[in-house]
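Worksheet: one structure, shown below.
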Amino acid sequence: MSEPELVRLPVRRADGVATRPRHLPKRAPLGQILLEAGAVQPEHLMRAVALGARLDLPLSDILLAHGWVAEGDLLAAQARQWRVEALDLNARPPDPRLLDIAGARDCLRHGVIPWRRVGGGCVLVTAHPESFEAAAAALAPRLGPCLMGLATDRQIRDALLTLRQTRLARRAEWQVPAELSARSLSALTNARVAIAVTAALAVGFLIVPRLTFLGLFGLAMALMLSLQTLKLGSLAATAFRRNRPAAPEAEVGRLPVVSVLVPMYRERDVATKLLARIGRLDYPRELLDVLLVVEEDDATTRAALDGARLPGWMRQIVVPRGPIRTKPRAMNYALNFCRGSIVGVYDAEDAPAPDHIHRIVRRFAELPETTVCLQGVLDFYNPRTNWIARAFTLEYASWFRVLLPGLAKLGLVVPLGGTTLYFRRAVLEELGGWDAHNVTEDADLGLRLHRRGYRTELIGIVTMEEANCRALPWVKQRSRWQKGFLVTWSVHMRQPLRLWREIGTLPFLGVQVLLLGSVLQALLAPLLWSFWLLSLAWPHPATATLPPGLLHASIATFIAAETVNMLCAAWAARGPSHRHLWRWLPVLHVYNMMATFSAWKALHEIVTKPFYWDKTQHGLFDQSLIDIANGLVPQADPDALAMVPDELLPEMAHVADQTRAIGRVIEIRR
């Protein structure tokens, strides 16, 4: 079989000698070739040419993103345009030795794969001939002079994964440096520490029970005061900041490609609704790169996606099996396939507003290079489901609208949320991505960003999600977060003096209070609950030891702490869409008690299974109601709409177009 005809482009070799043919034949326009072949409709071609001129993008990218041309037809046209034979990488696979020389991750980044050595050069296969010169220049120091071959994006990616999928998957597990990763934590060591602490407490209660109780009680009070001080400081920084005059919008210039990771696991009936929700984003499709990240053994989700017709700007990335299965490992693996210079993260059930990415791109253009992460606000579309959902919504409002913005303004470490996140990709890769062994990879990444001198900003984009409104799933979810806080604290406190030098005194103290203090306070909270015995005129262990003045001061401090919690929640819920929750503020005291049960579960798991990922369960609230309200389900079942309870009508109005959503239900009922 003869070797394919190849095009030699000007590429600078490692020795500095440029190879350039004396005469390059003039190429016919790609659009003309496609029209002559009947591969594209004239109106589609005209629109693609106009978009290409406006966005400064290749015609091929626009045609594929909108589905206006088949991938095979485009490849044939490109082969004719560049006078290059299209390679069948399945029939003639690449040389794996060349792939190792070039590096699989670099090949993915440039969208190329080295094929064979021909003569004195290396055939570098691409699906984007217009950007071949830049890719070849980057790889020429390792491969030597490069010659161009053509194949489709899908064939290039499949060939690369056939050769080096396992290596990419393993790297996703250990790419964070060992000293900053939880993978070196030992369950045996954790067990020994837990046994030692338990034995010390048991001995203390046997020998000096009153002194031991007072010591734990004092620790609980100190932790409570520290946490409330942090909350008050955040509230002051958020509520009383000076209103600066609005700066003129930054000139974005050429819009960047933005990649969005959507990790998914055991998601039923997700394909149509997910496509509709993500499809509401109004960012140019040619610059949008959505990666649906699924596990190889997740038959439920893969079947749902395989039955869907994904648009050209959306891809399914299958994560191979491995010794661990966590969300950060999956995202690290998928990061290799991203095309964008900005990388975002959404959950499968998220419903982002259409202008999210435009606002992210504009804000990144306004900010200095040291601000590398933008964290959006997470809100819920079902706060009226029950009292847990109402309290959960109040708690999240305090977290995303008071505490996190306050921490950012005070220059403290911001523990990131797991969704509605956007990063400058170069810095994310510089840090090694996410720690695959940490179950709160977002909080850990926020601390690692701060240690390297980078900053996070809270931005006022809101993503709607389902509030966890059942007690057992709530405890499971919260225990994972608390376990992750303990793991993150343990990892970064291996060298406390180094951490202190890198982030400074106040951020260091903030880490102690937020990561360790919040979990310990939940573990010791029953000591504070015991003060309710006094209100029932029952005896309390502290009455025989504490002076009356100190006892009364402790009770007053306890009441003041609850007041601070409700004050933060009230301020965060001051908007019209949350104000109906004010009358539920007293419920927060009972709601916060559940954190103690989750904290003890987290303590048990950090000893028995520190890397176990307890997936959050959703689905109690009928998301289809919100999809109907948003117009994402055009063929709504009238019987289903007629069954919508009255109490859920305001919920639909809160998320979607009030008049249209409620009006349709009323009309059907009539």
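Of note:
- Highest average first, the peptides 326-333, 517-524 ordered by how many other beta carbon atoms sit within 10 Å of their residues are 326-333, 517-524.
- Protection proxy ranking, highest mean first, for peptides 62-73, 196-207, 381-392, 37-48: 381-392, 62-73, 37-48, 196-207, where packing is the per-residue count of other beta-carbon atoms within 10 Å, averaged.
- Order by protection proxy (mean Cβ within 10 Å, highest first), peptides 30-36, 285-291: 285-291, 30-36
- Ordering 105, 27, 579 from the fewest to the most neighbouring beta carbons within 10 Å gives 579, 27, 105.
- Karplus (6.51, -1.76, 1.60) ³J(HN,Hα), θ = phi - 60°, over the range 459-471, in Hz, Gly and Pro reported as x: 10, x, 9, 10, 10, 8, 8, 8, 6, 6, 10, 10, 4
- Other-chain or far-sequence residues with amide H under 5 Å of residue 371's (modelled H): 455
- Links that overshoot a 21 Å alpha carbon limit, given the list 231/476; 231/409; 409/476; 273/476; 409/483; 231/609: 231/476; 409/476; 273/476; 409/483; 231/609
- For the range 575-588, 3J(HN,Hα) computed residue by residue from phi via the Karplus equation (6.51, -1.76, 1.60; θ = phi - 60°) reads x, x, 7, 10, 4, 5, 8, 4, 5, 9, 4, x, 5, 4 Hz, glycine and proline entered as x.
- Residues 297, 444, sorted so that the one with the fewest Cβ neighbours within 10 Å comes first: 297, 444
- Ranking of 193, 607, 293 by neighbouring Cβ atoms within 10 Å, starting from the fewest: 193, 607, 293.
- Backbone amide hydrogens, once placed in the peptide plane, bring residue 317 within less than 5 Å of 292, 293, 294, excluding anything fewer than 5 places away on its chain.
- 3J(HN,Hα) along the range 360-373: 5, 4, 5, 5, 4, 5, 7, 8, x, 5, 6, 8, 10, 9 Hz, from the Karplus curve 6.51 cos²θ - 1.76 cosθ + 1.60 with θ = phi - 60°, whole Hz, x for Gly and Pro.
Every number here is computed from the coordinates shown, using simple stated rules; none is lab data. Here the structure is a predicted model, which is why all the values come from computation and not from measurement. Note that each Cβ is placed from the backbone with ideal geometry, even for glycine, and that neighbours are counted across all protein chains shown.
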